[in-house]
Amino acid sequence: MASITRASVSMPSLSTSVNQSQRRISVMNSVSFPVSGRSMIPSLRLQRGLQVCCAAKQETVDKVVAIVKKQLALPADAAVTGESKFAALGADSLDTVEIVMGLEEEFDITVEEESAQSITTVQEAADMIEKLVEK
Amino acid sequence: HRRLPAVIPTPPVSASPFPNPKSQYCCLSRNFSAALTPLLPVQLPSRMETHLWYVVPDEVKSAPLLSKYMELLPQSERDHVLGFRGDQLQKSALLARTLVRTTIARYQVDGHLDPRSLRFKRNIHGKPEVEWETKDGFCPPPLQFNISHTSSLVACGVTMNSLIGIDVEEKRRRTKNNILAFAKRYFTAHEVEHLNAIPDSELQQQEFIKLWTLKEAYVKALGKGFSSSPFNTFTIRVNTAAQQASSGIAVETLDSPQNLTNNWQFALLELMGSHYVAICLERQETGGAGKAFPIKLTARKTIPSVEDELVSGTNAVVTIGGSVTQF
């Protein structure tokens, strides 16, 4: 298989730990959140418009990551984090719908098509889940 | 097969720097700054025609050639390609952009043959379109296109004037979820019944994929985004008549008044025995009493700037649904 003659990985963060129950350290090298590390405690982050809200729990993010890895048949040690985009990982529209269906089952929620279309990253999925679970 | 090397010199085109199109390695390794072979022009589709172009990524093995393709793209598209995880995904993303640029350039709509100079934009719903330079009374012809790709196939459909949506999928694609559970959640009751009635699980899987590609093609042809046409708001009806070799396909929306559903016609093809290609077209004219003319299809397999192969009418392209005449 031919390869492109430039760097092929451009993900902004790398995970140094594969054990998802431990604290994960992220290395950010581009525009991203001001939070420099992740922990089990929900953290506050600033969004556009200076609204302060709660980011999804790490546990939720981890479950989303597991569902995404399963759907896309990624190895267990593949670097998938909140910032990971489904499309960049190789998800086409059928994969994305299957991922949403998996999330509905895992979290016992219903995701409307309009909302489903706006989920493009793991973090967005986790945030949406938390909003729906709260209801 | 009717194979047309895209490097045959004709008067306006300069002689190819590659004496043998297949041995790019020997020539390109000497001179990396050599441009890609000039593209051969092609005739625009007539109003009633649909052109289907496709690339098989596994057949494009030359790293120098892929680098040349990369050079055709603006920086934003290169970044987009490199944002995909891994060589295979990057390659099919690169081939998709290359296919659409080189194909549209070859139609010479604006008198140029330069894939680099094409600009693309998205309509308000996000559907990609060409942004033609409007200068000095130049009125661009209504070229329509749509792309679809998997890691094993990249395809582009082109028409004059008809809105078009295409979707490709591997025949043996399996869903992770149970098909009927998935269909009950996302498809319409009629479609669930249609799938449920198929006793063989392998055939049921294939029928599911066919329905999926047809539904995707319809939404992409509409060009209004998926949330405006959730999959459970329209039914794809496949009619199998014993006398016909291939079935008739139609779409029926649950809220019919707004969408005149006989505005759309469909083709379902089996490509190379390995992929389904669904095409949805806006109907231009009817043959009286609402009967549609068959879709006139020209299918070409291509390696951009290297070779084309006209495959319509061969067993590389088999019509399995809809009314299609292949040229």
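The values are calculated or read from the model by the stated rules, or taken from the named source; none is laboratory data. A quick note: this is a predicted structure, and the numbers were derived from the prediction, not measured. Here the Cβ positions follow ideal geometry from the backbone for every residue, glycine too, while neighbour counts run over all protein chains shown.
Here are the numbers:
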{"quantity": "Flag if residue A:80 is among the β-branched types (Val, Ile, Thr) and within 8 Å of chain B (Cβ to nearest Cβ)", "calculated": "no"}
{"quantity": "In segment A:60-77, the residues that are in contact with a helix residue (DSSP H, G or I) (Cβ under 6 Å, 6 or more places away or on another chain) and within 8 Å of chain B (Cβ to nearest Cβ)", "calculated": "A:71"}
{"quantity": "Number of positions in segment A:88-113 that are facing chain B (nearest Cβ under 7 Å), free of Cβ contacts under 8 Å to residues at least 24 places away in the same chain and under 15 Å from residue B:178 (Cβ atoms)", "calculated": "3"}
{"quantity": "Sole residue being without any contact (Cβ under 8 Å) to a residue 24 or more places away in the chain and over 19 Å from the mean Cα position of the chain (by Cα), chosen from B:135, B:121", "calculated": "B:135"}
{"quantity": "Considering residues of segment B:117-156 that are part of a strand (DSSP E or B) and among the charged types (D, E, K, R) only, the residue nearest to residue A:87 (Cα to Cα)", "calculated": "B:122"}
{"quantity": "Subset of segment B:213-229 (residues that are closer than 13 Å to residue B:188 by Cβ and modelled with pLDDT under 90)", "calculated": "B:229"}
{"quantity": "Residue in segment B:186-199 that is crowded, with 18+ Cβ neighbours inside 10 Å and either at the interface with chain A (Cβ under 10 Å from one of its Cβ atoms) or polar (S, T, N, Q) (or both) present", "calculated": "yes"}
{"quantity": "Selection status of residue B:93, out of contact with any Lys or Arg (no Cβ under 7 Å at 6 or more places or on another chain), closer than 20 Å to residue B:167 by Cβ and not basic (Lys, Arg)", "calculated": "yes"}
{"quantity": "Subset of segment B:71-83 [at the interface with another protein chain (Cβ under 7 Å from one of its Cβ atoms) and either under 15 Å from residue B:152 (Cβ atoms) or assigned to a helix (DSSP H, G or I) (or both)]", "calculated": "B:82"}
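Residue by residue, here is whether (1) more than 14 Å from chain A (Cβ to nearest Cβ); (2) buried (at least 22 other Cβ atoms within 10 Å of the Cβ) holds:
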{"residue": "B:130", "(1), (2)": "yes, no"}
{"residue": "B:134", "(1), (2)": "yes, no"}
{"residue": "B:151", "(1), (2)": "no, no"}
{"residue": "B:155", "(1), (2)": "no, yes"}
